[in-house]
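The values are calculated or read from the model by the stated rules, or taken from the named source; none is laboratory data. For clarity, every value in this text was computed on a predicted model and none was experimentally measured. All Cβ positions, glycine included, derive from the backbone under ideal geometry; neighbour counts span all protein chains shown. Areas reflect the complete protein model, heavy atoms only, side chains present, ligands, DNA and RNA absent. Shrake-Rupley method; radii C 1.70, N 1.55, O 1.52, S 1.80 Å.
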Amino acid sequence: MTVLIITHSEDNECIARVAAAIERLGGRAFRFDTDLFPGGAHLALASGPGVRRSTLRAGGGELDLGDVTAVWYRRVAFGRGLPASMDPQLRSASVEEAKRTVEGLLAALRVPQVDPLPAVRFASNKQVQLDIAREVGLDTPRTLTTNDEDAARAFAATCPGGVIAKMLSSFAVYRGGEEHVVFTNALRDEDLADMRGLSLCPMTFQEKIPKARELRVTVVGERVFAASIDPEAAPGAEVDWRRQGLELIDAWRKDALPPDVETAVLRLMDQLGLNYGALDILRTPDGRHVFLEVNPVGEFFWLERSPGLPISEALAEVLLGKAPRRGSWSAFLHAPVTQPR
């Protein structure tokens, strides 16, 4: 059995961990670093009677795409291998063609995928996540996404415990060669008083939830792995633990969800069409579990270091068909990118 891993050359250690688990279980892992395509990797997709087989040459190896039995979709990035001297307009066209070629490859591979690209895109919509989470019985925070400052102030007035603001997308500003990531932030009175910039960029506002623990819940097939940290474990991590992520990397502890919450989480995964997801959930001082979001391709590598959750092994088992898979693969393999609800 052969698993095609879709990633890029700067992805983290989880690729090697999952590949090693696949090999231990008797499968073959083939890594496709999409940032090296088209410059440093070669893809030949054949169709029609009498044509040659479809192949992928990358990383010093060659793969007959007819041998692929499953796909692990992690990350994509195109065009890094293109010459710096290339005309910007031609570079843009090359990157777009590369993107469409790889998306065509994924659509043409009628094999189990963790997870199909249409499912990943659909499930990445944060508003859809919150709606479905409520429908399946999960507790969610009151939320408003807007570029209207009056609407934002009116919403804040309904949240006596305070309001946080965050982006729907990952965002960073680069100054002097340094990356400055935009994290979730608690709004102050002066922030609410001056929101002139909101008209230029919508923001998402949520009621501030009191928390006793922050949970990272990783779902792989039918298995649910939970770990948590104390939000007061490091200064600056009270609102968003990622702000002190490296400092807290050894502070995570094994945890568990109540049975009814775990059942609702798995129902959410079914509705989103996912076999993998990394969920952020808050546990309040009175024992409520409040769902914040799910990342269909979220990180997990540090949870294997501490507290030692066997997520790579679980992924390898699902990819090789040695553990149950959730939902219908064909439904999303042939579905449109966005779906009405």
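Computed log10 I(q)/I(0) for the chain at 0.07, 0.09 Å⁻¹: -0.33, -0.55, from the Debye equation with unit scatterers placed on every C-alpha and solvent omitted.
Springs between Cα atoms under 10 Å define the GNM used for the chain, and in it the highest mean-square fluctuation of Arg216, Arg267, Arg188 occurs at Arg188. Estimated at the nearest 10 Å², the accessible area of Thr146 is 20 Å² with a 1.4 Å probe.
Across the cross-link table entries Lys99/Lys322; Lys99/Lys126; Lys99/Lys166; Lys166/Lys211, which are compared at the Cα atoms, the separations over 26 Å belong to Lys99/Lys322; Lys99/Lys166. Note on the chain: with a GNM built from Cα contacts shorter than 10 Å, the maximum mean-square fluctuation among Gln206, Gln89, Gln127 falls on Gln89. Extending 7 Å from the Cα toward the beta-carbon at both Arg267 and His42 defines two label points whose distance is 5.3 nm. Near Arg325, once Lys and Arg are set to +1 and Asp and Glu to -1 for all other residues with Cβ below 14 Å from its Cβ, the sum equals -1.
Accessible area per residue for the stretch 13-93 in Å², computed with a 1.4 Å probe and the full protein assembly in place, what is it?
53 Å²
Taking 1.567 mPa s as the viscosity and 4 °C as the temperature, the Stokes-Einstein diffusion coefficient of the stretch 63-107 based on its alpha-carbon Kirkwood radius rounds to 105 µm²/s.
Counting only aspartates and glutamates at least 8 places from Lys208 when in the same chain, those with an alpha carbon closer than 13 Å to its own are Glu238, Asp240. Placing unit charges on each Cβ (+1 for Lys and Arg, -1 for Asp and Glu) gives the stretch 130-173 a dipole about its Cα centre, and among Pro160, Thr145, Leu130 the Cα reaching farthest toward its positive end belongs to Pro160. A Cα-only calculation for the stretch 1-130 places Rg and Dmax at 15.5, 49 Å. Spin-label model, Arg305/Asp148: points 7 Å from Cα along the beta carbon direction are separated by 4.6 nm.
Computed from the C-beta positions of Glu135 and Met167, the FRET efficiency with R₀ = 30 Å rounds to 0.75.
Mind putting a number on the dipole of the stretch 1-45 about its Cα centre? Charges go on the C-beta only, +1 for Lys and Arg and -1 for Asp and Glu, and I need it in Debye to the nearest 20. Write down the numbers at each step before the final one.
Details: 4 positive and 6 negative charges, 56 e Å.
With Lys and Arg at +1 and Asp and Glu at -1, about 260 debye.
Based on the alpha-carbon gyration tensor of the stretch 262-307 and its eigenvalue square roots a ≥ b ≥ c, which shape applies: rounded if a/c is under 1.5, prolate if not and a/b is larger than b/c, or oblate? Oblate.
Put a dot 7 Å past the Cα of Lys322, heading toward its Cβ, do the same for Thr55, and the two dots end up 3.0 nm apart. Of Ala256, Ala165, Ala193, the residue with the greatest mean-square motion in the GNM of the chain, using alpha carbon springs below 10 Å, is Ala193. Of the residues Ile249, Ser47, Ile229, the one whose Cα sits farthest toward the positive end of the charge dipole of the chain, with +1 on the Cβ of Lys and Arg and -1 on the Cβ of Asp and Glu, is Ser47.
Computed from phi, the 3J(HN,Hα) profile of the stretch 293-307 under the Karplus parametrisation 6.51, -1.76, 1.60 (θ = phi - 60°) reads 5, 10, 9, x, 10, x, 6, 8, 4, 5, 6, 7, 6, 8, x Hz, with x in place of Gly and Pro.
A Förster distance of 35 Å, applied to the separation of the beta-carbon atoms of Ala193 and Asp286, puts the FRET efficiency at 0.65.
Can you give the charge dipole size of the stretch 1-123 about its Cα centre, rounded to the nearest 20 debye, using +1 on the beta carbon of Lys and Arg and -1 on the beta carbon of Asp and Glu?
Rounded to the nearest 20 debye, it is 200 debye.
Under a model in which nothing but the beta-carbon of Lys, Arg (+1) and Asp, Glu (-1) is charged, the chain shows a dipole of about 960 debye around its Cα centre.
Using a 1.4 Å probe on the protein chains only, how many percent of the accessible area of the stretch 91-150 belongs to carbon and sulfur? Carbon with sulfur: 46 percent of the solvent-accessible area.
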